[in-house]
1. List the number of the failed condition for ASN53; all other conditions in (1) open to solvent by 40 Å² or more (accessible area, probe 1.4 Å); (2) under 17 Å from LEU99 (Cβ atoms) hold.
2. With respect to LYS64, determine if the residue is outside any helix (DSSP H, G or I) and free of Cβ contacts under 8 Å to residues at least 24 places away in the same chain.
3. Looking only at residues that are within 6 Å of the ligand (Cβ to nearest atom) and in contact with a helix residue (DSSP H, G or I) (Cβ under 8 Å, 6 or more places away or on another chain) in segment 30-47, which one is nearest to HIS77 (Cα to Cα)?
4. Tally the residues that are open to solvent by less than 10 Å² (accessible area, probe 1.4 Å) and more than 15 Å from GLN282 (Cα to Cα), restricting the search to segment 87-113.
5. Tell me, yes or no, whether segment 252-260 has at least one residue that is within 20 Å of MET196 (Cβ to Cβ), assigned to a helix (DSSP H, G or I) and small (Gly, Ala, Ser).
6. Find all pairs meeting these conditions: Cβ atoms under 7 angstrom apart; at least six residues apart or on different chains; first residue within segment 252-273 and within 11 Å of the ligand (Cβ to nearest atom); second residue of a type in the set (D, E, K, R) and open to solvent by 70 Å² or more (accessible area, probe 1.4 Å).
7. Identify, please: which residue in segment 56-77 is within 12 Å of the ligand (Cβ to nearest atom) and charged (D, E, K, R) and is, among those, surrounded by the most Cβ atoms within 10 Å (Cβ to Cβ)?
8. Quick one: which residue in MET195, MET211 is farther than 13 Å from ALA122 by Cβ, within 11 Å of the ligand (Cβ to nearest atom), open to solvent by less than 40 Å² (accessible area, probe 1.4 Å) and hydrophobic (A, V, I, L, M, F, W, C)?
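The values are calculated or read from the model by the stated rules, or taken from the named source; none is laboratory data. Bear in mind the structure is a predicted one, so any value in this text is a computation, not a measurement. Glycine gets a Cβ as well: all are built from the backbone with ideal geometry, and neighbour counts include every protein chain shown. Note: accessible area is taken over every heavy atom of the protein model, side chains too, but ligands, DNA and RNA are not part of it. Shrake-Rupley method; radii C 1.70, N 1.55, O 1.52, S 1.80 Å.
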Amino acid sequence: EPADLLAEFQAKIDREEKIEPRDWMPMAYRKTLIRQMSQHAHSEIVGQLPEGNWITRAPTLNRKMILLAKVQDEAGHGLYIYSATETLGVSRDQLTDELLTGKAKYSSIFNYPTPSWADMGAIGWLVDGAAIMNQVPLCRCSYGPYARSMVRICKEESFHQRQGYEIMTVLARGTQAQKDMAQRALNRTWWPSLMMFGPSDKNSTHSAQSMKWKIKRFSNDELRQKFIDATVPQAEHLGLTIPDPDLKWNEETGHYDHGEINWDELFQVIKGNGPCNKERLQARIDAHENGEWVREAAQTYQQKQNNQHNE
Ligand code: ACO
(Lines give C-alpha, C1' and ligand atoms only; values in the text may rest on other atoms or scores of the structure.)
Protein backbone atom coordinates (compact mmCIF):
# COMPACT_ATOMS: atom_id res chain seq x y z
CA GLU A 1 0.00 0.00 0.00
CA PRO A 2 1.45 3.40 -1.00
CA ALA A 3 3.17 5.20 1.88
CA ASP A 4 1.56 8.56 1.05
CA LEU A 5 -1.96 7.08 1.21
CA LEU A 6 -1.15 5.39 4.51
CA ALA A 7 0.23 8.64 5.95
CA GLU A 8 -2.80 10.65 4.80
CA PHE A 9 -5.10 8.00 6.27
CA GLN A 10 -3.41 8.20 9.67
CA ALA A 11 -3.39 12.01 9.53
CA LYS A 12 -7.13 12.00 8.88
CA ILE A 13 -7.68 9.79 11.91
CA ASP A 14 -5.44 12.01 14.02
CA ARG A 15 -7.55 15.03 12.95
CA GLU A 16 -10.57 13.11 14.34
CA GLU A 17 -12.23 12.91 10.91
CA LYS A 18 -14.45 9.90 10.35
CA ILE A 19 -13.58 7.22 7.80
CA GLU A 20 -16.60 6.48 5.59
CA PRO A 21 -17.32 3.35 3.49
CA ARG A 22 -16.18 4.85 0.17
CA ASP A 23 -12.95 6.31 1.54
CA TRP A 24 -9.64 4.62 0.92
CA MET A 25 -8.52 2.53 3.89
CA PRO A 26 -5.68 0.08 4.50
CA MET A 27 -6.65 -3.59 4.13
CA ALA A 28 -5.66 -4.26 7.74
CA TYR A 29 -7.98 -1.51 9.03
CA ARG A 30 -10.86 -2.99 7.05
CA LYS A 31 -10.03 -6.47 8.31
CA THR A 32 -9.83 -5.39 11.94
CA LEU A 33 -13.18 -3.64 11.71
CA ILE A 34 -14.86 -6.62 10.05
CA ARG A 35 -13.43 -8.84 12.80
CA GLN A 36 -14.47 -6.66 15.73
CA MET A 37 -17.84 -5.55 14.31
CA SER A 38 -18.92 -9.03 13.25
CA GLN A 39 -17.93 -10.47 16.65
CA HIS A 40 -19.90 -7.65 18.22
CA ALA A 41 -22.98 -8.31 16.05
CA HIS A 42 -22.82 -12.05 16.78
CA SER A 43 -22.61 -11.26 20.52
CA GLU A 44 -25.82 -9.24 20.34
CA ILE A 45 -27.58 -12.10 18.55
CA VAL A 46 -26.29 -14.93 20.78
CA GLY A 47 -26.79 -12.60 23.74
CA GLN A 48 -30.54 -13.02 23.38
CA LEU A 49 -30.34 -16.65 24.49
CA PRO A 50 -29.46 -16.51 28.22
CA GLU A 51 -32.30 -14.03 28.84
CA GLY A 52 -34.65 -15.60 26.32
CA ASN A 53 -34.51 -18.55 28.72
CA TRP A 54 -36.65 -16.55 31.23
CA ILE A 55 -39.26 -14.89 29.00
CA THR A 56 -41.85 -17.61 29.61
CA ARG A 57 -41.07 -17.73 33.33
CA ALA A 58 -40.78 -14.06 34.31
CA PRO A 59 -42.52 -13.57 37.69
CA THR A 60 -45.13 -11.02 36.53
CA LEU A 61 -46.71 -9.88 33.26
CA ASN A 62 -44.96 -6.55 33.63
CA ARG A 63 -41.54 -8.19 34.06
CA LYS A 64 -42.29 -10.37 31.06
CA MET A 65 -43.08 -7.37 28.84
CA ILE A 66 -39.90 -5.59 29.91
CA LEU A 67 -37.73 -8.68 29.33
CA LEU A 68 -39.33 -9.34 25.94
CA ALA A 69 -38.67 -5.74 24.87
CA LYS A 70 -35.08 -5.94 26.08
CA VAL A 71 -34.34 -9.16 24.20
CA GLN A 72 -35.90 -7.66 21.05
CA ASP A 73 -33.61 -4.63 21.47
CA GLU A 74 -30.61 -6.99 21.41
CA ALA A 75 -31.83 -8.48 18.13
CA GLY A 76 -32.11 -4.94 16.75
CA HIS A 77 -28.54 -4.14 17.87
CA GLY A 78 -27.30 -7.22 16.04
CA LEU A 79 -29.05 -6.07 12.87
CA TYR A 80 -27.64 -2.51 12.98
CA ILE A 81 -24.12 -3.83 13.47
CA TYR A 82 -24.45 -6.46 10.73
CA SER A 83 -25.63 -3.66 8.40
CA ALA A 84 -22.72 -1.45 9.45
CA THR A 85 -20.35 -4.39 8.81
CA GLU A 86 -21.80 -4.87 5.32
CA THR A 87 -20.58 -1.36 4.40
CA LEU A 88 -17.06 -2.86 4.54
CA GLY A 89 -17.83 -5.22 1.67
CA VAL A 90 -18.72 -8.43 3.47
CA SER A 91 -22.15 -10.04 3.15
CA ARG A 92 -24.56 -10.84 5.93
CA ASP A 93 -24.79 -14.43 4.59
CA GLN A 94 -21.05 -14.87 4.97
CA LEU A 95 -21.11 -13.52 8.53
CA THR A 96 -24.01 -15.79 9.47
CA ASP A 97 -22.20 -18.74 7.93
CA GLU A 98 -19.08 -17.99 9.99
CA LEU A 99 -21.17 -17.91 13.18
CA LEU A 100 -23.07 -21.11 12.46
CA THR A 101 -19.98 -23.08 11.47
CA GLY A 102 -18.25 -22.03 14.70
CA LYS A 103 -15.52 -20.04 12.90
CA ALA A 104 -16.57 -16.70 14.34
CA LYS A 105 -16.11 -15.56 17.91
CA TYR A 106 -18.73 -13.90 20.07
CA SER A 107 -18.49 -12.61 23.62
CA SER A 108 -17.50 -15.19 26.23
CA ILE A 109 -20.17 -13.95 28.65
CA PHE A 110 -23.05 -15.53 26.75
CA ASN A 111 -21.72 -19.04 27.34
CA TYR A 112 -22.76 -19.08 30.99
CA PRO A 113 -26.08 -20.49 32.26
CA THR A 114 -28.92 -18.44 33.79
CA PRO A 115 -30.47 -20.80 36.36
CA SER A 116 -32.52 -18.26 38.38
CA TRP A 117 -34.65 -15.16 37.85
CA ALA A 118 -31.98 -13.16 39.72
CA ASP A 119 -29.62 -13.84 36.81
CA MET A 120 -31.85 -11.52 34.74
CA GLY A 121 -31.08 -8.81 37.26
CA ALA A 122 -27.36 -9.58 37.40
CA ILE A 123 -27.08 -9.66 33.60
CA GLY A 124 -28.83 -6.34 33.12
CA TRP A 125 -26.82 -4.70 35.87
CA LEU A 126 -23.37 -6.19 35.19
CA VAL A 127 -23.30 -7.50 31.62
CA ASP A 128 -25.12 -4.55 30.11
CA GLY A 129 -23.20 -2.29 32.49
CA ALA A 130 -19.91 -3.68 31.16
CA ALA A 131 -21.21 -3.44 27.59
CA ILE A 132 -21.97 0.29 28.04
CA MET A 133 -18.55 0.96 29.52
CA ASN A 134 -17.02 -0.59 26.41
CA GLN A 135 -19.47 0.85 23.87
CA VAL A 136 -19.77 4.50 24.89
CA PRO A 137 -16.20 5.14 23.65
CA LEU A 138 -17.09 3.25 20.44
CA CYS A 139 -19.54 6.11 19.64
CA ARG A 140 -16.31 8.05 18.91
CA CYS A 141 -14.70 5.26 16.90
CA SER A 142 -12.98 6.36 13.69
CA TYR A 143 -15.24 4.35 11.37
CA GLY A 144 -18.41 6.40 10.76
CA PRO A 145 -21.06 3.66 10.35
CA TYR A 146 -19.86 1.77 13.48
CA ALA A 147 -19.70 4.95 15.56
CA ARG A 148 -23.19 6.07 14.50
CA SER A 149 -24.73 2.65 15.12
CA MET A 150 -23.43 2.81 18.69
CA VAL A 151 -25.34 5.97 19.64
CA ARG A 152 -28.79 4.40 19.77
CA ILE A 153 -27.39 1.10 21.02
CA CYS A 154 -25.84 2.82 24.05
CA LYS A 155 -29.12 4.58 24.90
CA GLU A 156 -30.92 1.25 24.86
CA GLU A 157 -28.16 -0.51 26.82
CA SER A 158 -28.44 2.16 29.45
CA PHE A 159 -32.14 1.35 29.89
CA HIS A 160 -31.23 -2.36 30.07
CA GLN A 161 -28.67 -1.70 32.78
CA ARG A 162 -31.21 0.20 34.88
CA GLN A 163 -33.87 -2.45 34.54
CA GLY A 164 -31.36 -5.07 35.71
CA TYR A 165 -30.31 -2.98 38.69
CA GLU A 166 -33.96 -2.46 39.57
CA ILE A 167 -34.57 -6.23 39.58
CA MET A 168 -31.57 -6.61 41.92
CA THR A 169 -32.87 -3.80 44.16
CA VAL A 170 -36.25 -5.49 44.58
CA LEU A 171 -34.63 -8.86 45.36
CA ALA A 172 -32.04 -7.37 47.70
CA ARG A 173 -34.80 -5.67 49.70
CA GLY A 174 -36.99 -8.76 49.69
CA THR A 175 -37.06 -11.89 51.83
CA GLN A 176 -33.85 -13.62 52.93
CA ALA A 177 -34.41 -16.22 50.20
CA GLN A 178 -34.65 -13.47 47.54
CA LYS A 179 -31.55 -11.76 48.86
CA ASP A 180 -29.64 -15.05 48.77
CA MET A 181 -30.80 -15.61 45.20
CA ALA A 182 -29.51 -12.14 44.22
CA GLN A 183 -26.18 -12.81 45.95
CA ARG A 184 -25.74 -16.13 44.15
CA ALA A 185 -26.44 -14.48 40.79
CA LEU A 186 -23.84 -11.79 41.58
CA ASN A 187 -21.35 -14.54 42.53
CA ARG A 188 -21.93 -16.28 39.18
CA THR A 189 -21.79 -13.17 37.00
CA TRP A 190 -19.05 -11.03 38.55
CA TRP A 191 -15.88 -12.67 37.20
CA PRO A 192 -17.29 -13.51 33.75
CA SER A 193 -18.36 -9.85 33.34
CA LEU A 194 -14.81 -8.69 34.09
CA MET A 195 -13.62 -11.10 31.37
CA MET A 196 -15.90 -9.41 28.81
CA PHE A 197 -13.30 -6.63 28.49
CA GLY A 198 -10.86 -9.11 26.97
CA PRO A 199 -7.38 -10.30 27.98
CA SER A 200 -5.06 -8.05 29.98
CA ASP A 201 -3.30 -5.34 27.98
CA LYS A 202 -0.07 -7.31 27.81
CA ASN A 203 -1.91 -10.24 26.17
CA SER A 204 -4.23 -8.21 23.93
CA THR A 205 -3.01 -8.79 20.39
CA HIS A 206 -5.01 -6.04 18.67
CA SER A 207 -5.17 -3.21 21.23
CA ALA A 208 -2.10 -1.17 20.29
CA GLN A 209 -2.98 -0.98 16.58
CA SER A 210 -6.70 -0.48 17.23
CA MET A 211 -5.92 2.41 19.56
CA LYS A 212 -3.65 4.01 16.99
CA TRP A 213 -6.52 3.78 14.49
CA LYS A 214 -8.90 5.14 17.14
CA ILE A 215 -11.19 2.16 16.82
CA LYS A 216 -10.53 1.61 20.50
CA ARG A 217 -10.20 4.68 22.72
CA PHE A 218 -9.28 2.87 25.94
CA SER A 219 -7.40 -0.35 26.59
CA ASN A 220 -9.08 -3.51 27.93
CA ASP A 221 -7.60 -3.01 31.42
CA GLU A 222 -8.56 0.68 31.55
CA LEU A 223 -12.20 -0.10 30.75
CA ARG A 224 -12.25 -3.03 33.19
CA GLN A 225 -10.95 -0.74 35.96
CA LYS A 226 -13.55 1.94 35.17
CA PHE A 227 -16.24 -0.72 35.37
CA ILE A 228 -15.03 -2.02 38.74
CA ASP A 229 -14.79 1.50 40.16
CA ALA A 230 -18.33 2.30 39.05
CA THR A 231 -19.87 -1.00 40.17
CA VAL A 232 -18.48 -1.53 43.69
CA PRO A 233 -20.55 1.34 45.21
CA GLN A 234 -23.64 -0.02 43.42
CA ALA A 235 -23.13 -3.43 45.07
CA GLU A 236 -22.67 -1.71 48.45
CA HIS A 237 -25.92 0.17 47.93
CA LEU A 238 -27.67 -3.16 47.32
CA GLY A 239 -26.08 -4.65 50.45
CA LEU A 240 -24.55 -7.45 48.35
CA THR A 241 -20.95 -8.68 48.48
CA ILE A 242 -18.70 -8.79 45.42
CA PRO A 243 -17.09 -12.26 45.41
CA ASP A 244 -13.50 -11.01 45.51
CA PRO A 245 -11.73 -11.07 48.90
CA ASP A 246 -8.89 -8.97 47.47
CA LEU A 247 -11.14 -6.11 46.38
CA LYS A 248 -9.96 -3.01 48.23
CA TRP A 249 -10.06 0.76 47.75
CA ASN A 250 -6.58 2.08 47.06
CA GLU A 251 -6.24 5.62 48.40
CA GLU A 252 -3.05 6.26 46.42
CA THR A 253 -4.27 5.24 42.96
CA GLY A 254 -7.86 6.37 43.51
CA HIS A 255 -9.08 3.00 42.18
CA TYR A 256 -10.15 -0.36 43.57
CA ASP A 257 -7.49 -3.06 43.60
CA HIS A 258 -8.89 -6.43 42.66
CA GLY A 259 -7.96 -10.11 42.75
CA GLU A 260 -6.37 -12.03 39.89
CA ILE A 261 -8.70 -12.91 37.01
CA ASN A 262 -8.75 -16.57 35.98
CA TRP A 263 -7.43 -16.05 32.44
CA ASP A 264 -7.38 -19.75 31.78
CA GLU A 265 -11.16 -19.77 32.16
CA LEU A 266 -11.54 -16.92 29.63
CA PHE A 267 -9.35 -18.65 27.06
CA GLN A 268 -11.20 -21.95 27.56
CA VAL A 269 -14.56 -20.25 27.01
CA ILE A 270 -13.24 -18.42 23.91
CA LYS A 271 -11.98 -21.77 22.57
CA GLY A 272 -15.49 -23.21 22.82
CA ASN A 273 -15.18 -25.05 26.12
CA GLY A 274 -17.43 -22.88 28.31
CA PRO A 275 -20.45 -24.31 30.13
CA CYS A 276 -22.98 -23.46 27.36
CA ASN A 277 -20.96 -22.96 24.12
CA LYS A 278 -22.41 -26.01 22.39
CA GLU A 279 -25.96 -25.26 23.49
CA ARG A 280 -25.75 -21.63 22.29
CA LEU A 281 -24.39 -22.54 18.88
CA GLN A 282 -26.97 -25.30 18.45
CA ALA A 283 -29.78 -22.84 19.28
CA ARG A 284 -28.57 -20.52 16.49
CA ILE A 285 -28.25 -23.43 14.03
CA ASP A 286 -31.78 -24.61 14.87
CA ALA A 287 -33.18 -21.08 14.47
CA HIS A 288 -31.49 -20.80 11.07
CA GLU A 289 -32.77 -24.18 9.89
CA ASN A 290 -36.28 -23.53 11.19
CA GLY A 291 -36.29 -20.25 9.29
CA GLU A 292 -35.48 -21.91 5.96
CA TRP A 293 -39.13 -21.79 4.80
CA VAL A 294 -39.33 -18.05 5.52
CA ARG A 295 -36.27 -17.37 3.37
CA GLU A 296 -37.66 -19.58 0.59
CA ALA A 297 -41.06 -17.87 0.72
CA ALA A 298 -39.45 -14.41 0.63
CA GLN A 299 -37.32 -15.38 -2.37
CA THR A 300 -40.28 -16.90 -4.22
CA TYR A 301 -42.30 -13.75 -3.59
CA GLN A 302 -39.42 -11.58 -4.82
CA GLN A 303 -39.14 -13.74 -7.95
CA LYS A 304 -42.87 -13.35 -8.58
CA GLN A 305 -42.62 -9.56 -8.22
CA ASN A 306 -39.67 -9.46 -10.65
CA ASN A 307 -41.56 -11.59 -13.20
CA GLN A 308 -44.64 -9.35 -13.00
CA HIS A 309 -42.44 -6.29 -13.38
CA ASN A 310 -40.78 -7.73 -16.50
CA GLU A 311 -44.06 -8.69 -18.20
N1 ACO B 1 -15.03 -13.05 24.46
C2 ACO B 1 -14.66 -13.66 23.31
N3 ACO B 1 -13.52 -13.33 22.64
C4 ACO B 1 -12.76 -12.35 23.17
C5 ACO B 1 -13.10 -11.68 24.35
C6 ACO B 1 -14.29 -12.07 25.00
N7 ACO B 1 -14.70 -11.49 26.16
N8 ACO B 1 -12.15 -10.75 24.60
C9 ACO B 1 -11.24 -10.84 23.63
N10 ACO B 1 -11.59 -11.81 22.77
C11 ACO B 1 -10.84 -12.26 21.60
C12 ACO B 1 -10.71 -11.16 20.57
O13 ACO B 1 -11.85 -11.18 19.74
C14 ACO B 1 -9.44 -11.58 19.85
O15 ACO B 1 -9.70 -12.68 19.00
P16 ACO B 1 -9.37 -12.67 17.39
O17 ACO B 1 -7.98 -12.19 17.23
O18 ACO B 1 -9.59 -14.08 16.95
O19 ACO B 1 -10.36 -11.75 16.77
C20 ACO B 1 -8.58 -12.10 20.99
O21 ACO B 1 -9.50 -12.51 22.00
C22 ACO B 1 -7.58 -11.11 21.54
O23 ACO B 1 -8.20 -10.01 22.20
P24 ACO B 1 -7.87 -8.47 21.89
O25 ACO B 1 -6.61 -8.36 21.14
O26 ACO B 1 -7.96 -7.72 23.16
O27 ACO B 1 -9.10 -8.10 20.90
P28 ACO B 1 -9.80 -6.72 20.63
O29 ACO B 1 -8.81 -5.62 20.44
O30 ACO B 1 -10.78 -6.93 19.54
O31 ACO B 1 -10.60 -6.39 22.01
C32 ACO B 1 -12.92 -6.37 22.70
C33 ACO B 1 -11.66 -7.21 22.46
C34 ACO B 1 -12.65 -5.40 23.86
C35 ACO B 1 -14.06 -7.31 23.08
C36 ACO B 1 -13.22 -5.55 21.43
O37 ACO B 1 -13.31 -6.42 20.32
C38 ACO B 1 -14.50 -4.76 21.48
O39 ACO B 1 -14.53 -3.69 22.08
N40 ACO B 1 -15.56 -5.20 20.79
C41 ACO B 1 -16.82 -4.50 20.66
C42 ACO B 1 -17.75 -4.76 21.79
C43 ACO B 1 -18.29 -6.15 21.83
O44 ACO B 1 -18.07 -6.99 20.99
N45 ACO B 1 -19.09 -6.43 22.83
C46 ACO B 1 -19.74 -7.73 22.91
C47 ACO B 1 -20.32 -8.00 24.23
S48 ACO B 1 -21.46 -6.79 24.76
C49 ACO B 1 -22.97 -7.19 24.14
O50 ACO B 1 -23.08 -7.78 23.16
C51 ACO B 1 -24.20 -6.75 24.88
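1. Just one mismatch for ASN53, condition (2).
2. no
3. Step one: filter segment 30-47 for residues within 6 Å of the ligand (Cβ to nearest atom), giving 35-36, 39-40, 43-44, 47.
So of that shortlist, the ones also in contact with a helix residue (DSSP H, G or I) (Cβ under 8 Å, 6 or more places away or on another chain) come out as 36, 40, 43-44, 47.
Values: GLN36: 14, HIS40: 9, SER43: 10, GLU44: 6, GLY47: 10 Å.
Across segment 30-47, the extreme among qualifying residues is GLU44.
4. First pass over segment 87-113, keeping only residues open to solvent by less than 10 Å² (accessible area, probe 1.4 Å): 88, 95, 99, 111.
Subsequent filtering for residues that are more than 15 Å from GLN282 (Cα to Cα) retains 88, 95.
Looking only at that region, the number is 2.
5. No, the conditions are met nowhere in segment 252-260.
6. ILE270/LYS105
7. Once the filter is applied, the top-ranked residue is GLU74.
8. Values: MET211 fails: open to solvent by less than 40 Å² (accessible area, probe 1.4 Å).
Result of the check over MET195, MET211: MET195.
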